[in-house]
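Step one of this worksheet: look at the structure below.
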Amino acid sequence: MVYIGMSGIVFSIATQTIPSRMKKLLLALIPALLGLSGTAQAQSGFYDISRIQKIEITLTQSNWDYQMDTAKAGAEGFLLCDNVLINGVRFDSVGVKYKGNSSYRSTNVKNPLHIELDYIKGNQNYQGFSDVKLSNGFQDPSNIREVLAYEIARNYMTAPEANFARVYINGAYSGMYSSAESISKKFAESNFSSSGLPMVKCNPIGGAGPGSGSYPTLNYLGADSALYSSAYEIKSNYGWRDFISLTKNLDNTPATVAGILDVDRALWMHVFNNLLINLDSYLGSFAQNYYLLQDRNGRFNPIVWDLNMAFGSFTNSSTSNLNATTMKQLSPLDAATNANRPLISKLLAIPECKRKYIAHYNTMMKEQFVSGAYLTRAQSLLSLVDSSVKADNNKFYTYTQFQNSLTTTATGTGPGPGGNGTIGISQLMSARTTWLQTQATLTASAPTVADIVLSPLRPALNDAVNFNIKVTNGTTAQIGYRYNLLDKFSYAGMYDDGAHNDGVAGDGIFGTTVNMAGAQMQYYFYAENANAGIFSPERAEHEFYSITAATASVAPGSIKINEFLAVNQAGITDATGSHEDWIELYNTTNAPISLLGLYLTDDSATLNKWAFPATASIPANGYLFIWADSDGDTDTSGIHAGFKLGAGGEMIFLSDNAGTVIDSVIFGAQTPDQSMARCPDGSGSFVTGFINTPDQQNICETGIAEQVTQSRSLGVYPNPATDMVTIVAGKQTSVRLINNLGQTIMNVDIAAEGTTISLGILPKGFYTLVAPGMKPVRLVVE
């Protein structure tokens, strides 16, 4: 998107994405590049919302339904499938089980499903996804509530992808399901580069329900984690201490909670839940269905989850059971004084937070509901799933009810609440939007922000950048800014006092100066008066403007992704002693290259995910080593990128400020402690199974003769060997024996006529012999 100010200056607005057509093209290429079979080679991404996936489950157990019901009633274990096909791609050794709380019943023919592709085979995945979560539409005559709600949410906050799937079990059509991305370690890594950091699932253990016990309200209960264990589940290796600290801070010192909570994301979540009457959420009676993911800045990020009952399908608020009328008239400030909803009441008690919340509320309401965009999209989704729903003999509503599901209340046969029926989506939202537009809370006169002017437009690194905005009907203004997608925004006041490059005091022009401390600056503005506020762009902080520093261009191909290790279990370690993933770059030119303005990412949708430090460079015909570990930009052990590599296969992109891809690689499942490397450096194809050579020349000799492997004058025999091997160099020299982790385990002085050494203590495997001035030779020890 672009924003054109009144002065005519054009600014880019980013949502951390690249054009969807490019993303779909890349996703379509992945199966072929990873060597996947079946029809998926010609398919788009797994969560492409424009097409319905086909999932075929084969279970050989004659009583598989009974076994899955029994597992659901017990420890919720998986049943082993013979195989699962996803869009024609076959996976074996897959786990499947029933999931859900109110949506599950043992008497249902069509229950929600959880498929785990890596149940037995740890790296098995479909286009990078190993968990498949399928909802059965039990309280939704439209069958589109979950997908529509997630799509709306993703315009304003980080949220899972979702679409539809036709599911078959043992060849029979089980029905049309909605399919939502799992909030997993992969989700945390992809969106927050926070793999391994605290992740909290905020749902009562065993499921919520009347009288089910404690709920995840975020009230501080004390320092003992046992007090929280019935309402929250830690999905990471640690996190109780950080989580309890969040609840204590929120309850006692909410004015400082922004240091450990992404407050803006929390406000957007409250807007979404309230506006869409999504009450099976933190706003509702059970205060559930959200996650808290800690990012590398130490802040918890609230993430909405399980949206199948959005648009009034669940009717219990935090204080009462609503009906069709009271849902349409639910106050935008519902729960604002509820002490058992501190994530709402404590934040909205802060005047600036309340004004920001109302600004976000008006933005989402205007863009999605006043405009009618939600209804157009809902009609499109209904058309997409029409034939699949019609053919579904296990659905909970009639086909006629499906056809009328936007405008008419329907009573179905599904389990759970809803004895009065499920209200139509537009039946609810049209009346709700009309009512909301009359409420004083939302109609206070807000400022306007216009005439955004920057100087200079192409600053050099560390230049001072002057920002000016024209604010009407506002008394204060600020700028939020950062230099990396993975960082939190910092804030600076803007002033209309004539002393901040803002012209004449009192003329409505607000100004401030921010240092260009990175290759790219991402920023937004916020202005307010005593009654209301406004963001620019209006979807901030989720969207923002950006300005790039004047940096030297780097031609595609001048820097190559030269080697990488995605599964480091026993190789080199960083300064903390941790075995981390790593990436090596190679400069193919005869001159050093500054990496200012360049980015690395493992996500085609976020090419500027991680920016190189401003001081990073790569020498002429030289190498640069980068830890891929999410540990921050730099420490004493070198450069640390803000993401990890996927053992099951993914992609790496090196790009510049303009989004030009300088080099990229897409790879499949990786073998522990075996890197993939270009042979030769910088120009060859990627090969695997060789020793790791981080920050040095790749060892590319692969031929092994039956008796003697000759490389210039170096001979090795026998090869393969068992207990003894003779090395002949043709001259006196020194030879290093290197294992497959890149470690030198033996130095041997070789006589001119050759030397025989014992291999008795060496484990079986691949080794490499390296001698000065000679090509390396591979040695196999059996």
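The values are calculated or read from the model by the stated rules, or taken from the named source; none is laboratory data. Fair warning: this is a prediction, and the values are worked out from it, not measured in the lab. Cβ placement follows ideal geometry from the backbone for every residue including glycine, while neighbour counts extend to all protein chains displayed. These accessible areas exclude ligands, DNA and RNA; they are computed on the full protein's heavy atoms, side chains included. Shrake-Rupley method; radii C 1.70, N 1.55, O 1.52, S 1.80 Å.
If the chain linking Ile757 and Ala530 were pulled fully straight, counting 0.36 nm for each residue of separation and taking away their Cα-Cα distance, it would gain 73.3 nm.
Each Cα pair of region 58-199 feeds into the Kirkwood radius, which the Stokes-Einstein equation turns, at 20 °C and 1.002 mPa s, into a diffusion coefficient of 133 µm²/s. Using C-alpha pairs below 8 Å separated by at least 6 residues, the relative contact order for the chain is 9 percent. Straight-line cross-link reach from Lys248 at under 14 Å between alpha-carbon atoms covers these aspartates and glutamates, not counting any fewer than eight positions away in the same chain: Asp224.
The magnitude of the dipole of the chain, with charges of +1 and -1 set on the Cβ of Lys/Arg and Asp/Glu and taken from the Cα centre, is near 1580 debye.
For a Förster distance of 41 Å, can you work out the FRET efficiency between the beta-carbons of Ala391 and Asp251, rounded to the nearest 0.05? Result of the calculation: an efficiency of 0.20. Quick one: Debye curve from the C-alpha atoms of region 425-467, no solvent, what's log10 I(q)/I(0) at q = 0.20, 0.28, 0.30 Å⁻¹? Log-scaled intensity ratios, in q order: -0.73, -0.95, -0.98.
Take the Cα pairs of region 126-200, get the Kirkwood Rh, then feed it into Stokes-Einstein at 37 °C and 0.692 mPa s and tell me D in µm²/s. For these conditions, the coefficient is 237 µm²/s.
The lysines within cross-link reach of Lys366, meaning a Cα-to-Cα straight distance under 22 Å and a gap of 8 or more places when in the same chain, are Lys328, Lys354, Lys356.
Give me the base-10 log of I(q)/I(0) for region 222-276 at each q in 0.29, 0.30 Å⁻¹, Debye formula, one uniform scatterer per Cα, rounded to two decimals. Log-scaled intensity ratios, in q order: -1.10, -1.11.
Of all aspartates and glutamates in the structure, the ones whose alpha carbon falls short of 17 Å from that of Lys346, not counting any fewer than 8 places away in one chain, are Asp251, Asp262, Asp264, Asp334. Working note: Karplus 6.51/-1.76/1.60 with θ = phi - 60° gives region 490-503 the couplings 9, 10, 9, x, 10, 9, 10, 10, x, 10, 10, 6, 10, x Hz, where Gly and Pro are set to x.
The alpha-carbon positions of region 421-569 define a convex hull whose volume is 229 Å³ per residue.
Per the 1.4 Å probe, what fraction of the accessible area of the chain, in percent, lies on carbon and sulfur atoms? List each step's numbers first, then the result.
Details: 15050 of 29660 Å².
Ligands and nucleic acids excluded, carbon and sulfur give 51 percent.
With respect to the chain, whose longest principal axis is taken over its alpha-carbon atoms, helix 240-252 is tilted by about 30°. Remark on region 141-299: Rg and Dmax equal 16.9, 57 Å (Cα only). Our summary of shape: the Cα atoms of region 536-674 have principal axis extents of 48, 40, 30 Å, ordered from largest down, in whole angstrom. Close amide H contacts of Asn692 (hydrogens built in the peptide plane, cut-off under 5 Å, sequence separation of 5 or more or a different chain): Ser675, Leu741, Gly742.
My understanding is that a pair violates if its Cα-Cα distance is over 20 Å; which of Lys110/Lys235; Lys110/Lys390; Lys97/Lys390; Lys99/Lys235 do that in this structure? Present the calculation step by step, with values, prior to reporting the outcome.
Details: Lys110/Lys235 28 Å; Lys110/Lys390 15 Å; Lys97/Lys390 26 Å; Lys99/Lys235 17 Å.
Long pairs (Cα-Cα over 20 Å): Lys110/Lys235; Lys97/Lys390.
For region 369-498, report the % of Cα-Cα distances exceeding 22 Å.
On the way: 5362 of 8385 pairs.
Roughly 64 percent, once rounded to a whole number.
Between Ser225 and Gln569, the modelled labels are 2.6 nm apart [label points 7 Å from Cα along Cα→Cβ].
Ranked by the mean number of other Cβ atoms within 10 Å per residue, highest first, peptides 545-556, 578-589 order as 578-589, 545-556. Once divided by 2.2 N^0.38 Å, the Cα radius of gyration of the chain becomes 1.06. Measuring r between the beta carbons of Asn316 and Gln696 and using R0 = 51 Å, the FRET efficiency lands at 0.20. Once you divide the Cα radius of gyration of region 514-554 by 2.2 N^0.38 Å, the number left is 1.54. Inter-label distance, Leu457 to Ser62: 7.7 nm, where each label sits 7 Å from its Cα along the C-beta direction.
Could you give the length gained on full extension between Ala73 and Ser383, defined as 0.36 nm per residue of separation minus the Cα-Cα distance, in nm?
On the way: separation 310, 0.36 × 310 = 111.60 nm, distance 3.69 nm.
Roughly 107.9 nm would be gained on extension.
Phi-derived couplings, Karplus 6.51 cos²θ - 1.76 cosθ + 1.60 at θ = phi - 60°, listed residue by residue for region 140-147: 9, x, 7, 6, 10, 3, 5, 5 Hz, with x used for Gly and Pro. In the chain, the DSSP beta bridges split such that about 95 percent are antiparallel, to the nearest 5.
Taking every protein chain into account, the accessible area of the chain amounts to 38 square angstrom per residue (probe 1.4 Å).
Note on Asn590 and Thr376: the extension gain reaches 71.4 nm, defined as 0.36 nm multiplied by sequence separation minus the Cα-Cα distance.
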